[in-house]
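Taken together, the values in this text are just the output of simple stated rules run on the coordinates, not laboratory data. All figures in this text were calculated on a predicted structure; none of them were measured in a lab. All Cβ positions, glycine included, derive from the backbone under ideal geometry; neighbour counts span all protein chains shown.
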Amino acid sequence: MADQKALYLQEKQRSLVIGGKDIPVPGPGDLLKYGVLVDSYPVILGGDIGGIVEEDLRTDLTAKQLDALTRFCVSITEAWFDNRHSGFQQYAIAIAEISAKVPDHVSLEEAVSVPLAFVTAAFGLYGTGGQGEVSRTRLIAPWQGGVGKYTDKAIVVLRGASSVGQYVIQLAKLSGLSSIIATASIHNEPLLKSLGATHVIDRRLPFEQLQTCVASLLPSKLEYVYDAISLPETQQIGYDLLSPGGYIMIVLDQSMDVDESSGKSIVRIFGTAHDIDQREDAKAVFSHLTQLLDSKAIKVGRYLFDRSSVVTHFMKPNRIEVLPNGLAGIAGGLKRLENDAVSGLKLIARPQDMYRPE
């Protein structure tokens with residue numbers, strides 16, 4: 001097939017450069033997508049991707065289904081950067097069973113901010129980790145009957161304004177947790193409260209003050225902490241805040257000191273839909289993702305709406321900023337992230353903005 005443009009990291013810790021690449025050919029169960037986003041070198045990076053399905057190799061779809069599947073978002077993580085599935089290129093391969101159609105009223109740019117962060121949030125709260133049918137936190141997912149189920153429980157979300165943190169807050173609200181306490185920069189308080197946080201605490205508070213503040217807000221014990229950034233210092237803070245017998249969810253390897261007698265459980269999240277051990281969890285998430293995003297739908301699934309209840313909460317995509325100049329704008333966006341100059345939003349690139357195949 002004709003060449004496309006891609007953004008390559010040619011050597012470790014070197015500059016990103018735009019170059020040509022063959023358009024990958026999809027196999028059974030794959031989708032070929034024209035991208036709106038997006039220890040061998042050169043390598044193509046890029047996590048979440050979304051775009052137009054140009055070729056669908058599934059054999060179990062009717063003509064009507066194929067026609068309907070025209071816009072989708074899909075989760076692709078760094079563990080599977082093999083240059084076929086990566087995001088920083090104009091065409092990429094997506095796996096159909098972990099893709100979801102984008103509702104008409106949600107822009108592709110908004111929707112593409114969802115998959116990786118949402119999957120990471122959902123796997124932490126409700127995932128089995130491939131270790132059976134019961135979630136590691138013993139929480140039942142909203143799409144399995146858990147809407148509004150946990151009104152007597154509380155959660156602290158460390159770095160709640162991060163992409164993952166925003167989805168943890170929304171899922172916690174959907175699950176009915178009565179106290180959703182987030183740490184964040186105070187200027188993000190209105191955003192996080194609009195998503196469902198009941199309280200927002202300045203993330204820069206010393207631990208003693210943070211501990212006192214959290215304790216004053218809890219209805220009883222603190223059973224759940226989700227550390228959405230999982231630096232060594234935040235892991236220790238979250239672990240120390242947690243009540244005995246509770247669960248702390250972390251997105252990076254454990255680096256905290258633990259008390260083996262406390263009964264506290266550490267849930268290490270591997271937030272990728274590509275992990276075969278977690279594929280059933282991922283399929284459940286993606287099969288409900290369109291409904292979760294579609295706030296205008298009347299029917300949002302058997303488990304997501306009860307006509308006799310007041311549960312009418314729907315997921316909201318992260319706030320976004322579209323970078324200029326397509327692939328060429330990504331390096332500048334990465335530099336802003338490195339300098340901690342991005343807060344409460346996600347940067348999006350559209351590879352076709354700079355180069356469009358003839």
In whole Å, how far is the Cα centre of the range 205-270 from that of the range 99-128?
25
Greater than 25 Å separation of Cα atoms is the criterion. Which listed pairs, Lys5/Lys346; Lys316/Lys346; Lys193/Lys335, meet it?
Lys193/Lys335
Could you derive backbone 3J(HN,Hα) for the range 157-170 from the dihedral phi with the Karplus parameters 6.51, -1.76 and 1.60 (θ = phi - 60°), listing whole Hz in sequence and x where the residue is Gly or Pro?
10, 7, 6, x, 7, 5, 4, 5, x, 4, 6, 4, 4, 5
First select every other residue whose beta carbon is under 12 angstrom from the beta carbon of Asp240; then total the charges, Lys and Arg +1, Asp and Glu -1.
-4
Segment Leu231-Ala341, extension gain: residue separation times 0.36 nm, minus the distance between their alpha carbons
37.8 nm
Using only the Cα atoms of the range 232-289, construct the convex hull and provide its projected area averaged over every direction, in square nanometres to one decimal.
5.0
Going by amide H atoms built from the backbone, whose H comes under 5 Å of the H on His85, apart from near neighbours?
Ile93
Quickly work out the Gln10-to-Glu97 label distance, labels modelled 7 Å from Cα along the C-beta direction, and quote it in nm with one decimal.
4.0
Note down, for the range 116-268, the three equivalent ellipsoid semi-axes (square root of 5 times each alpha carbon gyration tensor eigenvalue), biggest first, whole angstrom.
20, 18, 15
What order do you get for Leu252, Leu218, Leu158 when you list them from fewest to most C-beta neighbours inside 10 Å?
Leu252, Leu218, Leu158
